[in-house]
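Bear in mind that the values in this text are calculations on the coordinates, not laboratory data. Quick caveat: nothing in here was measured; it's all calculated off a predicted structure. Here the Cβ positions follow ideal geometry from the backbone for every residue, glycine too, while neighbour counts run over all protein chains shown.
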Amino acid sequence: MMLNLKHDMLYQIAEGQGGYFTTRQARRAGLSRDQLSYRTKSGQLERIAHGIYRLRRFPNSPNEDLFVALLRTGPRSVISHESALGVYDLTDALPAYVHITVPRTASRRRAGIRLHTKAIETSEITTRDGLAVTTVPRTIADVAAAGLAAEFVIQAVQQAIDRGLVGPNELRNAREKYGGRAALIISQALQEMEP
């Protein structure tokens, strides 16, 4: 009975993370290292990386690298920049790193992860396919400000509008909010879409 309760608690944690969880989260659910080891050997769990597991009841995710990066960087981290464009399928480019925005106090060293430390408002975060990700307007502003080639940003804007992921007014608001290079490129993209 107690083991089922622990499994239910672990399931609740992993459910919101595409089936993935950390050793620390498993301990909070009441599972010991021995129990994790046993469940991995018995096929209930799959060890994905050091300290990160997946419940086998959940299907493998094509975004496994993003889930792992989020779990490694902590509960207040969010997929951003080029990686967020990929989550929204607004780019064909594959970034060399997983881009994550973290609180300013977070550690800056993570292999294969490009950390950004800009402040993010709660309204600029959404969930897509179980991943915490910046909203489309914030993502577009971030990649534009970070120097992604204008033609790729403009293409992302046009695709996002065409697919109903964002409206022109939301992008106009983002243009005003973020200013700088982001505002210039968003304006250019919106002008190119005018009849």
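Side notes on the structure shown:
- Over 14 Å [Cα-Cα, the stretch 2-55], rounded percent: 44 percent
- Ascending count of other beta-carbon atoms within 10 Å, so fewest first, for His116, His99: His116, His99
- Proximal lysines relative to Lys118, as straight alpha-carbon distance under 18 Å, when same-chain residues fewer than 8 apart are discounted: Lys177
- Antiparallel bridges, percent of DSSP beta bridges restricted to the chain (to nearest 5): 70 percent
- Ratio of the Cα radius of gyration of the chain to 2.2 N^0.38 Å, where N counts its residues: 1.17
- 3J(HN,Hα) along the stretch 45-50: 10, 10, 7, 8, 7, 4 Hz, from the Karplus curve 6.51 cos²θ - 1.76 cosθ + 1.60 with θ = phi - 60°, whole Hz, x for Gly and Pro.
- Residues Val68, Val153 in ascending order of nearby Cβ atoms (within 10 Å, fewest first): Val68, Val153.
- Bridging of Lys41 to lysines at a Cα separation below 28 Å is possible for Lys6, once same-chain residues fewer than 8 apart are set aside.
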